[in-house]
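Q: Before we start, here is the structure in question, set down as structure tokens.
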Amino acid sequence: PSTPLPDLSGWTCVALLMPHGRPRSEVMNQISVDRLKLRPFADPRNGKPMYIHPYVFETIGDEFARGRNQLVANVFRAEQEMKIKFEFVFWIDDDVIVPETALENLIRHDALICSGLYFMRQPPHLPVAYMDSNDPANPERYWNVTTYPENQVIEVDGVGMGCMLIKTEVFRNLVPDPWFQWKIAPDVHPYGYD
């Protein structure tokens, strides 16, 4: 940035990341970004002021996880250039509109990785959250979570990254890059897990 940043050492710093696997949805993208950046709030864990980086880290093309690795590398490069340290990266898919309190609610849980609940675009619009089927004959089969408590955090075996908060320490502790690797997706059963 052309103007120097204030001292952010006492702040909770968050980078917004948005991979685009196809031409992006400009309207949805802008709605989510505006909701997150324009609503000031304090860190719900400790009352520190929040710094949400004003520019979204974006990449086009996410095939074979290359785009996600590039986004994390860009965040770490920005830290060096801007002389700040991001505590979190908040991943938002360009076709997901998040509530204005999404970031605050996810930070509140102080988890290494925490996902907001969102649903598939295509019917039957199942949650993008999965549990292992525990089927010895099909060890890589997962079921969509279809029943869950309202407004509570639950532990699952897998989620999409369309609305996901990750502490940067996760990436700092995974050496070396790449942090993401592509592989054929496990068998996901189209109907629920109870």
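Q: Where Lys and Arg each count +1 and Asp and Glu each count -1, what net charge lies around Leu112 among other residues with Cβ under 10 Å from its Cβ?
A: Within the 10 Å Cβ shell, the charges total -1.
Q: Which one, Ile166, Pro127, Val145, projects farthest toward the positive side of the charge dipole computed for segment 127-173 from Cβ point charges (K/R +1, D/E -1)?
A: Ile166
Q: I would also like to ask the following. How much accessible surface area, in Å² rounded to 10, belongs to the heavy atoms of Asp135 with a 1.4 Å probe?
A: For Asp135, the solvent-accessible surface is approximately 50 Å².
Q: Filter the trypsin sites (Lys or Arg not before Pro) in segment 108-166 down to the DSSP loop ones having no more than 14 other Cβ atoms within 10 Å, then list what survives.
A: Those that pass, being in a loop and sparsely packed, are Arg121.
Q: Counting only protein chains, not ligands or nucleic acids, how are Thr168, Thr147 ordered by accessible area (probe 1.4 Å), most first?
A: Sorted by accessible area, descending: Thr147, Thr168.
Q: Where in segment 30-137 are there chymotrypsin sites (Phe, Trp or Tyr not before Pro) that are in a DSSP coil and have at most 16 other Cβ atoms within 10 angstrom of their Cβ?
A: Of the chymotrypsin sites (Phe, Trp or Tyr not before Pro), the ones in loops of segment 30-137 whose Cβ has at most 16 other Cβ atoms within 10 Å are Phe41, Tyr55.
Q: Let a ≥ b ≥ c be the square roots of the eigenvalues of the Cα gyration tensor of segment 50-112; is it rounded (a/c under 1.5), or, if not, prolate (a/b larger than b/c) or oblate?
A: Oblate.
Q: Suppose R0 equals 41 Å. What FRET efficiency, 1/(1 + (r/R0)^6) with r the Cβ-Cβ distance, do Leu174 and Phe41 give to the nearest 0.05?
A: The calculated FRET efficiency here is 0.90.
Q: Probe 1.4 Å, all protein chains in place: accessible area of Leu16 in Å², nearest 10?
A: For Leu16, the solvent-accessible surface is approximately 0 Å².
Q: Considering only DSSP states other than H, G, I, E and B, which GluC sites (Glu not before Pro) in segment 147-181 qualify as loop sites with at most 13 other Cβ atoms within 10 Å?
A: Glu150, Glu155
The values are calculated or read from the model by the stated rules, or taken from the named source; none is laboratory data. Since we're looking at a predicted model, the values are computed, not measured. Methodologically, a virtual Cβ is constructed for each residue, glycine included, from the backbone with ideal geometry; neighbour enumeration extends over all protein chains shown. To get the accessible areas, we keep the full protein, side chains included, count just its heavy atoms, and leave off ligands, DNA and RNA. Shrake-Rupley method; radii C 1.70, N 1.55, O 1.52, S 1.80 Å.
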